[in-house]
Amino acid sequence: MTRRRLPAEEAKTMILNQAKLLFIEKGYDRATMDDLCASTRMSKGNLYHHYKNKEVLFLQLLTQHAEQTSQKWHRSIEQFASPSEQLIALADLLGRDCESPLLPAIEEYAKTLSSESEALTTLKEITEMAYRAIREVLQRGIEQGVFIREDIETLSFGVMSTLSGATQLCLTMPKLSGDEYAALHINAISLLLKGISVSKR
């Protein structure tokens with residue numbers, strides 16, 4: 001079998017694309033670097049030159065996924081002026097993400113982590129991307145008089161907890177469509193919005 005030699009950036013992109021397919025097919029636990037060597041037709045030395053192990057590779061995929069979700073979120077909120085509508089748009093996006101074929105591998109990976117794992121720093125950064133987006137919308141809502149003048153960190157925690165909790169519950173359910181996952185997230189955030197919105201008397 002002929003081994004591939006590609007420019008560095010092209011090689012990294014190809015490795016990530018093949019790794020994603022592999023993690024979707026086999027899950028995190030069963031996917032191996034040997035499998036990736038076979039699917040990329042790269043030597044082990046070349047593969048390890050770009051990614052030192054399976055975990056580093058998977059974390060890069062997670063970061064890439066989070067950045068793509070963040071870009072979708074920013075494009076989505078540009079369509080809405082109202083902070084309430086922007087939060088509903090985020091709920092819709094996160095709900096649809098439950099349909100991602102990579103999620104089972106992410107769940108498997110999360111179970112491998114210990115409290116001392118260096119990967120927790122990367123995962124924290126990914127979580128903070130969503131947290132910052134929520135915080136910015138809530139701050140605008142408070143400034144516009146749409147949301148109650150509650151401590152911003154308390155509000156952000158409440159919204160983040162609602163959405164992450166909805167995602168966790170959705171992942172325990174029988175397979176649903178993206179529309180159904182989105183509807184569950186939207187219903188959850190809509191209920192929360194009733195509690196934090198300034199009532200119009």
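Brief remarks on what is shown
- Checking Ser100, Ser84, Ser39 one by one, the residue that is modelled with pLDDT under 90 and among the hydroxyl-bearing types (Ser, Thr, Tyr) is Ser100 and no other.
- If the condition is being out of contact with any Pro (no Cβ under 8 Å at 6 or more places or on another chain) and surrounded by 14 or more Cβ atoms within 10 Å (Cβ to Cβ), then the stretch 128-149 contributes Met129, Ala130, Tyr131, Ala133, Ile134, Arg135, Glu136, Gln139, Ile142.
- Some residue of the stretch 8-16 being touching a residue at least 60 places away in the same chain (Cβ under 8 Å) and either over 30 Å from Ser190 (Cα atoms) or hydroxyl-bearing (Ser, Thr, Tyr) (or both): no
- Neighbours by Cβ (under 9 Å, 6+ apart or cross-chain): first from the stretch 58-86, free of Cβ contacts under 8 Å to residues at least 12 places away in the same chain and under 24 Å from Leu191 (Cβ atoms); second in a helix (DSSP H, G or I) and β-branched (Val, Ile, Thr): Phe80/Ile88; Glu85/Ile77
- The stretch 91-112, subset of a type in the set (A, V, I, L, M) and within 13 Å of Phe58 (Cα to Cα), residue surrounded by the most Cβ atoms within 10 Å (Cβ to Cβ): Ala105
- Top-ranked residue of the stretch 23-65 - restricted to ones that are out of contact with any helix residue (DSSP H, G or I) (no Cβ under 9 Å at 6 or more places or on another chain) and outside any helix (DSSP H, G or I), ranked as least open to solvent (accessible area, probe 1.4 Å): Arg41
The values are calculated or read from the model by the stated rules, or taken from the named source; none is laboratory data. From a predicted model like this one, the values you see are computed outputs, not experimental measurements. As a convention, Cβ positions derive from the backbone with ideal geometry for all residues, glycine included, and neighbour counts pool all protein chains shown. Please note that ligands, DNA and RNA were not included when accessible areas were found on the heavy atoms of the full protein model with its side chains. Shrake-Rupley method; radii C 1.70, N 1.55, O 1.52, S 1.80 Å.
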